[in-house]
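Read the structure below first, then the notes.
The values are calculated or read from the model by the stated rules, or taken from the named source; none is laboratory data. It should be emphasised that the depicted structure is a prediction, and the values quoted were computed from it without experimental measurement. As a convention, Cβ positions derive from the backbone with ideal geometry for all residues, glycine included, and neighbour counts pool all protein chains shown.
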Amino acid sequence: MENVVIIGTGCAGLTAAIYTARANLNPLVLTGVMPGGLLTTTSIVENFPGFPEGVDGYELMTRMQSQAEKFGAKIKFGTVESVDLAAKPIRLVVDGDLVDTQTLIIASGAGHKHLGVPGEHELEKKGVTYCATCDGALPVFRNQPLVVVGGGDSACEEANFLTRFGSIVYLVHRRDSLRASKIMADRTLANPKIKPIWDSAVTEVQDVASGKMTGVKLKNLKTGEESFLPSAGLFVAIGHVPNTQLFKGQLALDDAGYFVLGKGMATTVPGVFVAGDCADSVYRQAITAAGMGCAAAIEAERYLAGLNA
Ligand code: NAP
């Protein structure tokens, strides 16, 4: 039986792994389908303390994993299929194998939110993508007009990154001001290759019949005017949905699906703690996720000490 199982290897999960490993708890850390979490899809992280020149998101996560492994964390590539939090010990099924544990830290992160418009699903990977860092350099996008949707830091970051490849980057936002931090918004609006299209929504991605993206249909939300914008790529950056579905019915979720966080990263189930983007709809920063992972690890350690006292 494990002392601690950690679900997720983003900032929260790996920080929890570093702390529980240093406490000699020999944690088992399950990667899920996206080892390293969403930060691995970011280019330069400029606001993680200690890196004045910025740090590549993938490199940051790789270094966190090495740090956890150095102290004895066992990183396992695996997806949790089911959980029984009422069982004592807590029971998980991981890729068909049973795993029993005394404590569980859930740091399952969040996935990309979709627009839900016609053509989006059909043309995914054929022009529609949720990650500029992963896909932006593909030949199909080179010297072509590209569209980014969203008005937050992610959309701004993606738009700026894509100016390296596209002929022009249209930033389609449903309002007339950006939600992004001022530094990102100013940088974006000052970039001559980025053209904002305000008060507008993408209503359809074309052309499903040919299996290739040719452009997006837009609607101006103030005037109702509709138009077609030829483009080779649609980069959707409209926020995230927490990865909590697996725990529905066993742990309390809020209306948006985030874990309801108790005092000390606790849940309603003793020995089960949550950390990071799956439990934070407000801050969602790498550093806050890391802080939550640290706190969850300390609480799990205290809980185990209480069990064994
Ligand atoms: P976000 O801040 O929640 O912004 C989402 C954007 O998408 C908003 O502008 C929102 O419009 C728009 N949107 C949401 N649903 C939409 C829909 N159905 N159709 C069209 N537009 C829609 O998400 P984010 O940009 O991914 O950022 C998440 C967190 O990560 C933030 O705290 C951010 O600061 C952080 N982050 C930081 C960095 C960095 O510092 N380098 C980089 C990326 C992300 P409204 O504005 O109208 O709500």
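Values computed for the structure shown
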read-out: Residue within segment 93-100 that is in contact with a Leu (Cβ under 7 Å, 6 or more places away or on another chain) and within 11 Å of the ligand (Cβ to nearest atom) present; value: no
read-out: Candidate set: segment 203-228, residues that are within 18 Å of residue 136 (Cβ to Cβ) and within 16 Å of the ligand (Cβ to nearest atom); chosen: the one surrounded by the fewest Cβ atoms within 10 Å (Cβ to Cβ); value: 205
read-out: Qualifying residues in segment 101-125 (those that are modelled with pLDDT of 95 or more, away from the ligand (no atom under 16 Å from the Cβ) and more than 30 Å from residue 3 (Cβ to Cβ)) - the one surrounded by the most Cβ atoms within 10 Å (Cβ to Cβ); value: 123
read-out: Residue count, segment 172-191 (criterion: closer than 25 Å to residue 142 by Cβ and surrounded by 13 or more Cβ atoms within 10 Å (Cβ to Cβ)); value: 7
read-out: Top-ranked residue in segment 29-45 [being part of a loop (DSSP other than H, G, I, E, B) and modelled with pLDDT of 85 or more; ranked as surrounded by the fewest Cβ atoms within 10 Å (Cβ to Cβ)]; value: 34
read-out: Lone qualifier among 194, 287 - being within 30 Å of residue 129 (Cβ to Cβ) and crowded, with 17+ Cβ neighbours inside 10 Å; value: 194
read-out: Candidate set from segment 157-171 (those that are buried (at least 24 other Cβ atoms within 10 Å of the Cβ) and of a type in the set (A, V, I, L, M, F, W, C)); member that is farthest from residue 139 (Cα to Cα); value: 171
read-out: Some residue of segment 135-148 being of a type in the set (S, T, N, Q) and within 15 Å of the ligand (Cβ to nearest atom); value: no
read-out: Condition met for residue 146 (under 24 Å from the mean Cα position of the chain (by Cα), in contact (Cβ under 8 Å) with a residue 40 or more places away in the chain and surrounded by fewer than 18 Cβ atoms within 10 Å (Cβ to Cβ)); value: no
read-out: Any hit, segment 48-67, residues being modelled with pLDDT under 90, out of contact with any His (no Cβ under 7 Å at 6 or more places or on another chain) and either within 13 Å of the ligand (Cβ to nearest atom) or more than 17 Å from residue 288 (Cα to Cα) (or both); value: no
